[in-house]
Amino acid sequence: MVEGGGELKRRVSLVGLTFYGVGNILGAGIYALIGPVVGLAGNMAWLPFLLTAFIGLLTGLSYAELSSMYPKSAASFVYVDRAFRIRVLSFILGWVVIFSGLFSAATVALGFGDYLSVLLGLSGLEASMILAAVLIVVMSLVNYIGIRESTWMNVVFTLIEASGLLLIIFIGVPFLGSVNYFELPAGGGLLNILSTVNLVFFAYLGFEVIANLSEEGVDAKRSVPKAIIFSILITTVIYCLVAVSVVSILPYDLIASSPAPLKTVVLSVLGPVGGFLMSFIALFATANTVLIVLVTTSRLVYGMAKDKALPAPLCRVSKRTGTPTIAVLFVMAISLLMLLLGDISLVANATVFGILIVFLFVNLSVIILRRRYPEADRPFKISLSFKWIPVTAVTGAVICLLLLFSFEPLIILIQFIIVVAGLLLFIGLGKRISRVSCE
């Protein structure tokens, strides 16, 4: 039974929060990105990951400071709302993040369906869609039961997910030193390295979801900022070691030409058993990403409803499970509907453009709130500042703005349609929301 007036339970420790970040970042795409990165950077493939980690950390620090000020579930929405005081702006940015989560859940679930279909000997889009739907329902059930259960499953799945990358690092140890790790492809230069930064940046998306668990984190004002930073640092070490390992095992041109580069590397050392193992691990990687997205998106929906930006029933919490059960069911239902669209990878890519817009405004929010509330309580505060201006936030905002100009017009058009849909929703909901309480 769902009862109103309950509160989310603070049951997620620093370790649990960090696992949410690591699990989501690792599931974001190194399996697909490593080939193009190696093709452009050659044996220096480790450098783009290092440079991009620094760029990602700039925005990560902004999330860290703001989450210590406002430990709320609707993280990005709350930060922008408090800074800009323009309700329609914060609503649309919150809508963009929700939309991104829903499409990510559907897209990754379809990937899970494809992997499992192959292992089971099934064929056709229908089989993949059915398996994807089953995954979304099962992960939503775990999310419904409780945050502790979701966290434990995430920890286990993240360890399995990371084991695939750790396996690649391990089998590469005997090959270390076999190549020059500063060698670039013929005709390539440092511009090649810089051109991969935009690509690799998307492998670091995911740390921001930790902030959506702020109302369930133990000592959230301190644990959430630490978890954001730890997750970026941990994944950076893994990414760099994987990049070094793969070019040590196989020539970079061979890796770049492979449709499944990491699987190709493992096959070359361990044979068919290694290939099957990587496919098996991919199931856990995709399932874990779906779980994390469903958990964090439902908390964002809950947080926006609690702040009277979405209908009140969405912020009701079950006193028995301590979870926002209606928000959980809502996110599950919409994610299932998204599956009916079939291959939505193009729209999913467009949502990345939207997330960069959100990052831009989050960085700007740090600057504005520093000026407006200089004495506000900030358990975590960015130390590198010029007077009251946080240098990292300014740099992060500029980089996000530059990255936005690298997208194709079609991607920008799709995101524009998503924003217009959010604006129409805001107008349609109107004042009916602001007069209703969650209680």
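The values are calculated or read from the model by the stated rules, or taken from the named source; none is laboratory data. Predicted model only: the values in this text are computed from it and were never measured. Because the Cβ atoms are built from the backbone with ideal geometry, glycine has one as well, and the counts that use them run over all protein chains shown.
Failed condition for Thr264, given (1) without any contact (Cβ under 8 Å) to a residue 60 or more places away in the chain; (2) surrounded by fewer than 19 Cβ atoms within 10 Å (Cβ to Cβ), with all others met?
Here Thr264 clears every test but (2).
Any chance region 78-92 includes a residue that's of a type outside the set (S, T, N, Q), without any contact (Cβ under 8 Å) to a residue 60 or more places away in the chain and outside any helix (DSSP H, G or I)?
Yes: region 78-92 contains one or more residues that are of a type outside the set (S, T, N, Q), without any contact (Cβ under 8 Å) to a residue 60 or more places away in the chain and outside any helix (DSSP H, G or I).
Among the residues in region 226-241, are any part of a loop (DSSP other than H, G, I, E, B) and buried (at least 19 other Cβ atoms within 10 Å of the Cβ)?
no
Residues being among the hydrophobic types (A, V, I, L, M, F, W, C) and not in a helix (DSSP H, G or I): count how many of those fall in region 277-318.
3
Among Gly111, Gly60, which is under 15 Å from the mean Cα position of the chain (by Cα), outside any loop (DSSP other than H, G, I, E, B) and of a type outside the set (A, V, I, L, M)?
Selected residue: Gly60, the only one of Gly111, Gly60 that is under 15 Å from the mean Cα position of the chain (by Cα), outside any loop (DSSP other than H, G, I, E, B) and of a type outside the set (A, V, I, L, M).
Check region 30-46 and report whether any residue there is surrounded by fewer than 22 Cβ atoms within 10 Å (Cβ to Cβ), over 30 Å from Asn180 (Cβ atoms) and not hydroxyl-bearing (Ser, Thr, Tyr).
There is no residue in region 30-46 that is surrounded by fewer than 22 Cβ atoms within 10 Å (Cβ to Cβ), over 30 Å from Asn180 (Cβ atoms) and not hydroxyl-bearing (Ser, Thr, Tyr).
Give Ser128, Ser140, Ser150, Ser104 a once-over and let me know the one that is of a type outside the set (A, V, I, L, M, F, W, C), under 30 Å from Ser365 (Cα atoms) and surrounded by 21 or more Cβ atoms within 10 Å (Cβ to Cβ).
The match here is Ser104.
Give the residues of region 107-125 that are polar (S, T, N, Q) and surrounded by 20 or more Cβ atoms within 10 Å (Cβ to Cβ), sorted by residue number.
Thr107, Ser117
Suppose we filter region 311-320 for residues that are modelled with pLDDT of 90 or more and either out of contact with any Ser or Thr (no Cβ under 7 Å at 6 or more places or on another chain) or crowded, with 22+ Cβ neighbours inside 10 Å (or both); how many remain?
Looking only at that region, the number is 6.
Look at region 242-256 and say how many of its residues are among the polar types (S, T, N, Q) and either under 22 Å from Val197 (Cβ atoms) or buried (at least 23 other Cβ atoms within 10 Å of the Cβ) (or both).
Residues in region 242-256 being among the polar types (S, T, N, Q) and either under 22 Å from Val197 (Cβ atoms) or buried (at least 23 other Cβ atoms within 10 Å of the Cβ) (or both): 1 in total.
Among the numbered criteria (1) of a type in the set (Val, Ile, Thr); (2) closer than 23 Å to Asn288 by Cα; (3) modelled with pLDDT of 95 or more, which single criterion is violated by Val209?
The one condition Val209 does not meet is (3).
Considering each of Leu356, Leu294, Leu360 in turn, give the residue that is at pLDDT 95 or above, within 17 Å of the chain's Cα centre (by Cα), closer than 30 Å to Leu262 by Cα and crowded, with 18+ Cβ neighbours inside 10 Å.
On inspection, the qualifying residue turns out to be Leu294.
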